[in-house]
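Engineer: One structure follows; several queries about it will come next.
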Amino acid sequence: MKKQNITILGDGAWGTTLAILLFKNGHNVSLWSAFPEHLDLMDRKRENKKYIPGIKIPSGIVFEKDLSKAIAKSDWIVFAIPSKFFREVARKVKKTKVPLRGKIFISVAKGLEQKTRKRMTEILKEELGDVQTAVLSGPTIAVEVAKQMPAIVVAASKNKQTAKKMQDMFSAEYFRVYTSSDVVGVELSGPLKNIIAIVAGISDGLGFGANAKAAILTRGIVEIQRLGQKMGAKSKTFSGIAGLGDLSTTCISPESRNRTFGERIAKGETMEKILRTTDGIIEGATTAEAVYQLSKKYKVDMPLATNVYEVIYRGKPPKAALRELMTRKRKAE
């Protein structure tokens, strides 16, 4: 495809990784951050030492501190912003007064807004108006992609042409992109699987083995699918790349912040301490409450998600949560 003008909003590991990938694919790439001092450091060192050390940032990637300039020259705006700050940045974009017609906004965040329980593309439309939105998601540990290890993702948009353009734009020899029209399913898969990854981490922290991990993955995907369908997603999405694929990676990888969070919770650390001592955002920690509330709203039985919420927010002992899960009423699969 012809060279595209793309702006990445967000200076985390994933935003930086995508900026490098897109630049190497031959596109014009700018990166903006809410933290100008960190942007200056990245520009000087040509490395994101805070979030993804050891990965060289090509000199052709432009670091832009002025948000208006960053988005004015691009047709594609990639929101690599944690859900906690997503709406705030969307409002900043709106305040720039830059015409947004014709621009396509891609969310790569894997979270839900804690208070409203809304998806990121819903927030984009609320704040920016009738703009075109899309989602890129899948089993992607940023450092692995940055090292050009093989990975697959899904580009989802209600507009098939947009999804196809994203496929062409992001695809590389080590980065295979599929397309989907199920924006709701692809977008929900990321935050929902984070909750199950916390359970997997708790299992690891309690010293359990492969049997327990398999149980968590298989029952976890059932819970995700139940809620997703009630919220308008397609069932098959959750057994695909964005669902089962991402769930597997996040539950297994030692690099997964959500899995590690669960492991530390099981070993007795508090959520406050873990969040304070972790670089980057642990989406599952804040999403847990939103998912719990959604399960109540849609009347969906989600025992794993419910117990995660109770462990994190109500101080329920992890072993008591496990006992409750294992002694639930017996039933058919």
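Laboratory data are not the source of any read-out in this text; all were calculated from the coordinates shown. Keep in mind the model is a prediction, meaning the values are calculated, not measured. Reconstructed Cβ throughout: ideal geometry from the backbone, glycine too, with neighbour counts over all protein chains shown.
Engineer: So what's the projected area for the stretch 260-333, the Cα convex hull averaged over all directions, in nm²?
Structural biologist: Quarter of the Cα hull surface area: 5.7 nm².
Engineer: Treating the beta-carbon of each Lys and Arg as +1 and of each Asp and Glu as -1, no other charges, what is the dipole magnitude of the stretch 5-181 about its Cα centre, to the nearest 20 debye?
Structural biologist: Values: 31 positive and 17 negative charges, 69 e Å.
Magnitude of the dipole: close to 340 debye.
Engineer: Using a 10 Å cut-off on Cβ atoms, rank the peptides 93-101, 244-252, 57-65 from the highest mean neighbour count down. Display every interim value, and only then the final one.
Structural biologist: Working: 93-101: 13.8, 244-252: 22.1, 57-65: 16.2.
Per-residue Cβ counts within 10 Å, averaged per peptide and sorted highest first, yield 244-252, 57-65, 93-101.
Engineer: Mind checking which helices in the chain clear 27 Å along their axis (Cα) and have mean Kyte-Doolittle hydropathy of 1.0 or more, DSSP H runs only?
Structural biologist: 183-205
Engineer: Further question: Hey, if you drop one equal point scatterer on each alpha-carbon of the stretch 190-333 and run the Debye formula without solvent, what base-10 log of I(q)/I(0) do you get at q = 0.10, 0.15, 0.16 Å⁻¹?
Structural biologist: Taking Cα atoms of the stretch 190-333 as identical point scatterers yields -0.29, -0.68, -0.78.
Engineer: Asp130 versus Met149, label points 7 Å from Cα toward the beta carbon: distance in nm?
Structural biologist: Taking the simple label geometry, Asp130 and Met149 are separated by 4.5 nm.
Engineer: Explain nothing, just the number: dipole magnitude of the chain about its Cα centre with +1 on each Lys and Arg Cβ and -1 on each Asp and Glu Cβ, in debye rounded to the nearest 20. Mind dumping the intermediate values first?
Structural biologist: Values: 57 positive and 33 negative charges, 137 e Å.
Roughly 660 debye for the chain.
Engineer: Over the Cα atoms, compute the radius of gyration (one decimal) and Dmax (the largest Cα-Cα distance, rounded to a whole number) for the chain, in Å.
Structural biologist: 19.4, 60
Engineer: Still on this structure: Hey, if you put +1 on the Cβ of every Lys and Arg and -1 on every Asp and Glu Cβ in the stretch 152-240, which of Ile196, Phe208, Ala163 ends up farthest toward the positive end of that dipole?
Structural biologist: About the Cα centre, the residue reaching furthest to the positive side is Ala163.
Engineer: Report the one residue of Ala151, Leu124, Asn25 whose Cα lies farthest in the direction of the positive end of the charge dipole of the stretch 1-160 (charges on C-beta: Lys and Arg +1, Asp and Glu -1; origin at the Cα centre).
Structural biologist: Positive-most Cα among the choices belongs to Leu124.
Engineer: Listing Arg264, Arg257, Arg276 from the residue with the fewest other Cβ atoms within 10 Å to the one with the most, what is the order?
Structural biologist: Working: Arg264 20, Arg257 24, Arg276 8.
With the sparsest Cβ surroundings first, the list reads Arg276, Arg264, Arg257.
Engineer: While we're looking at this one, here's another question. By how many nm would the segment from Thr218 to Glu37 grow when fully extended, if each residue of separation counts as 0.36 nm and the alpha-carbon distance is taken off?
Structural biologist: 60.8 nm
Engineer: Of the DSSP beta bridges with both residues in the chain, give the percent that are antiparallel, rounding to the nearest 5.
Structural biologist: 20 percent
Engineer: So, one more: Quick check for me: using +1 on Lys/Arg Cβ and -1 on Asp/Glu Cβ, what's the dipole size of the stretch 185-326 about its Cα centre, in debye to the nearest 20?
Structural biologist: Value, rounded to 20: 400 debye.
Engineer: Full-extension gain between Asn211 and Asp75, please, as 0.36 nm times their residue separation minus the C-alpha to C-alpha distance.
Structural biologist: 44.2 nm
Engineer: Given the options Phe86, Asn48, Ile104, identify the residue whose Cα lies farthest towards the positive end of the charge dipole of the stretch 42-126 (+1 on Cβ of Lys, Arg; -1 on Cβ of Asp, Glu).
Structural biologist: In the stretch 42-126, that residue is Phe86.
Engineer: Using 15 Å as the cut-off for backbone N distance, which residues of the stretch 97-122 belong to the label zone defined by a point 7 Å from the Cα of Gln161 along Cα→Cβ?
Structural biologist: 102-104
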